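Read through the structure below, which is laid out as structure tokens, and then see the notes.
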Amino acid sequence: MATQYKTSRANYTWRMFTNHAATGLAVLSTILVVAPLVAIFVYLLYKGASSLNLAFFTQIPKPVGEVGGGMANAIVGSGILLALGSLLGVPVGIGAGIFLAEFGRGGRLANFVRFTADVLNGVPSIVMGISVYSLIVLPQKHFSAFSGGVALGIMMIPTITRTTEEMLLMVPNAIREAALGLGVPNWRSVLAITLKTASPGVITGCMLAFARVAGETAPLLFTAFGNQFWSANINQPIAALPLQIYVYAISPYDEWHRLAWAGALVLILLIVVSVALVRFVTTRGVLKGAN
Amino acid sequence: MGVGIEVSNLNAWYGSTHTLQDINLHIPANQATALIGPSGCGKSTFVRCLNRMHETNPIGKVTGTVRIGDLNIYSDASPVEIRRRVGMVFQRPNPFPTMSIYDNVASGLRLNGFRNRRMLDEVVERSLKHAALFDEVKDDLKKKSGASLSGGQQQRLCIARALAVDPEVMLMDEPASALDPVSTAKIEDLIFQLKSQYTIVIVTHNMQQAARVAERTGFFLNGRLVELDSTHKIFTNPGDKRTEDYITGRFG
């Protein structure tokens, strides 16, 4: 009955067709993924590039009615806020991820932590802002860069925790056993071997979290508050690009609208540049043939 | 130098499965002892009890005593100390993928806080030579990842890595089962040379391999040690009917 399985010409043509159709669909989906990013970027270039000049990067906002001015303080402020956020979010997130994957695996506490992280991931950013406002800003009686950094940091934690966990779980057990078999203490094996082996994925997780909070406005409204002047003091209100864009975009002045577009363009560029930079730095020194 | 191993009343469990039952045996110093038996008979679990790797499994449990040299490994020392004295080579080569060849061999010492560069250089070179790998990799020591080597080279790298911490006993859990015949021959040659300095316990599915490398051979069946005697006697005149059935291929 072998004839039944013989491929006829028509059958072959049909298979070629479905093959091409499937490939075509995959390519189409890829285009649909990339298209919005390209569209946004092109539109931002079109709207914002004309307002970009040296002054934008070196000057602080001018009072209403005066032409010119820039967002230097907001760029620096965003940098400080993101640095503070990362300082909190990266170590706590990675630490919790290590706990989930290496120490608490399957335990009740681990399940609780994982559930909490997933819920935290779904908390609206405005709620995060209000929470930090009542926890830090109200007792201190003033807005501050510090409270803004805390809000961003907490928002980074769940993404980093869950990706760290996933990436650690992908490290084969044979690698852990190799380290333990050499008489390496468990904590050392986790940090120097397992985490290191998973590091490309863990870094991707950190960058995702970073890029996500870099554009957050809502959690900063009640915490960092924004500032029209220079300030690098973490106990004072501080300017941030998303806040500045928000304020300028809803203002009635054309000049401010143009600056808002430029600010949005700079924000996206900064995210792209910092992600690329981290990638570059962390993939240097990778050995021939690794993975 | 190698040291002898004395096992008495060893029992091991995975959860409620009684994997090893009342194992009593002696493994002499500076010889290779092969453990044979069908899949699931407990021979791998047995070697994992000799460096306390069995208990790294959350559902693993062990009772009984194991003396390695003058050390009772379940009461006199921590698992970490034991594993520095009892090296292990696994079934599948498992070099650290993010590390260079050099770093792989140095890892055991480095991760135990050893930093002296010149000494590390010496140890790495000596271990790689000992594992008969040095000539093949000496130009790429710090350039290539351990994972870029061929399977057989990776396994010799893992042996070099285990040798670098200068153990007294080497446990090998089917070290050649994932390798081609040429690589297998190299590993067997290596075991032959290592015997003069280490006590070797090798688990194998390959009875010819046991006959080639080991002075003594033990036969495991269903979690029990059926017999352990000189390799020659096991393969020519076994004391137990079940051993004879197994080596003549009547089951397993």
Rounded to the nearest 500, what is chain B's calculated 222 nm mean residue ellipticity when only DSSP H runs of at least 4 contribute -39500 (n - 2.57) each, over all residues? -10000 deg cm²/dmol
Under the rule rounded for a/c under 1.5, else prolate if a/b exceeds b/c, else oblate, using alpha carbon gyration tensor axes a ≥ b ≥ c, segment B:111-187 is classed as oblate
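Tell me the net charge near B:I82. Cut-off is 15 Å between Cβ atoms, B:I82 excluded, with +1 for each Lys or Arg and -1 for each Asp or Glu. Show your work: numbers first, answer last.
Values: positive: B:R48, B:R52, B:R67, B:R83, B:R84, B:R85; negative: A:E177, B:E6, B:E55, B:D70, B:D76, B:E81, B:D166, B:E168.
Spelling it out: positives minus negatives among the neighbours equals -2.
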Fewest-first sequence of B:S148, A:S125 by Cβ atoms within 10 Å of each Cβ: A:S125, B:S148
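Between rounded, prolate and oblate, where does the protein assembly as shown land on the alpha carbon gyration tensor, with a ≥ b ≥ c its root eigenvalues, rounded for a/c under 1.5, else prolate if a/b exceeds b/c?
Working: a/c = 2.64, a/b = 2.10, b/c = 1.26.
Since a/c reaches 1.5 and a/b is larger than b/c, the shape of the protein assembly as shown is classed as prolate.
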So what's the angle, to the nearest 10 degrees on a 0 to 90 scale, between helix B:181-194 and the longest Cα principal axis of chain B? 90 degrees
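What is the total of Lys pairs in chain B with C-alpha atoms under 17 Å apart, excluding same-chain pairs fewer than 8 positions apart? Mind dumping the intermediate values first?
Values: B:K43/B:K61; B:K129/B:K138; B:K129/B:K142; B:K129/B:K186; B:K129/B:K195; B:K186/B:K195; B:K233/B:K241.
Pairs that pass both the separation and distance tests number 7.
Where does the charge balance sit around B:R67 when Lys and Arg score +1, Asp and Glu -1, over other residues with C-beta under 10 Å from its C-beta?
Values: positive: none; negative: B:E6, B:D70, B:D76.
That sum, taken over residues with Cβ under 10 Å, equals -3.
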So which helices of chain A fit the span-like rule, where a helix is a whole DSSP H run, its Cα atoms reach 30 Å or more along the axis, and its mean Kyte-Doolittle is at least 0.0? A:9-48, A:72-98, A:145-169, A:254-283
Summarise the partner chain shielding of A:169-182 as one whole number: the mean count of Cβ atoms from other chains within 10 Å of each residue's Cβ. 6
Send over the Kirkwood Rh of chain B, from the inverse of the averaged 1/r over different Cα pairs, rounded to one decimal Å. 18.5 Å
If you stretched the chain out fully between A:A83 and A:V123, how much longer would it get, using 0.36 nm times the residue separation minus the C-alpha to C-alpha distance? 12.2 nm
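Taking every eigenvalue of the Cα gyration tensor of segment A:216-265, multiplying by 5 and rooting it, what semi-axes result, largest first, whole Å?
Working: eigenvalues 82, 25, 16 Å².
Whole-Å semi-axes of the equivalent ellipsoid: 20, 11, 9.
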Using a cut-off of 11 Å between beta-carbons, work out the net charge of the residues near B:E55 (Lys and Arg +1, Asp and Glu -1, B:E55 not included). +3
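Per residue of chain A, what 222 nm ellipticity follows from adding -39500 (n - 2.57) for every DSSP H run with n ≥ 4, rounded to the nearest 500?
On the way: 12 runs with 196 residues, N = 291.
It comes out at -22500 deg cm²/dmol, rounded to the nearest 500.
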Can you work out D for segment A:76-238 in µm² s⁻¹ from Stokes-Einstein, where Rh is the Kirkwood radius over C-alpha pairs, the temperature is 37 °C and the viscosity is 0.692 mPa s? 197 µm²/s
Rounded, prolate or oblate: which one fits chain A, using the alpha carbon gyration tensor with axes a ≥ b ≥ c (rounded when a/c is under 1.5, else prolate when a/b beats b/c, else oblate)? oblate
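Quickly rank A:222-232, A:98-108 as a protection proxy: mean count of other C-beta atoms within 10 Å, highest first.
Details: A:222-232: 20.0, A:98-108: 16.5.
Per-residue Cβ counts within 10 Å, averaged per peptide and sorted highest first, yield A:222-232, A:98-108.
For a protection proxy built on the mean count of beta-carbon atoms within 10 angstrom, sort B:150-156, B:105-111 highest first, please.
Details: B:150-156: 21.6, B:105-111: 23.7.
Order by mean packing, descending: B:105-111, B:150-156.
Throughout, read-outs are computed from the coordinates displayed, never taken from laboratory work. Computed from a prediction, not measured in an experiment: that's the story for all the values here. Methodologically, a virtual Cβ is constructed for each residue, glycine included, from the backbone with ideal geometry; neighbour enumeration extends over all protein chains shown.
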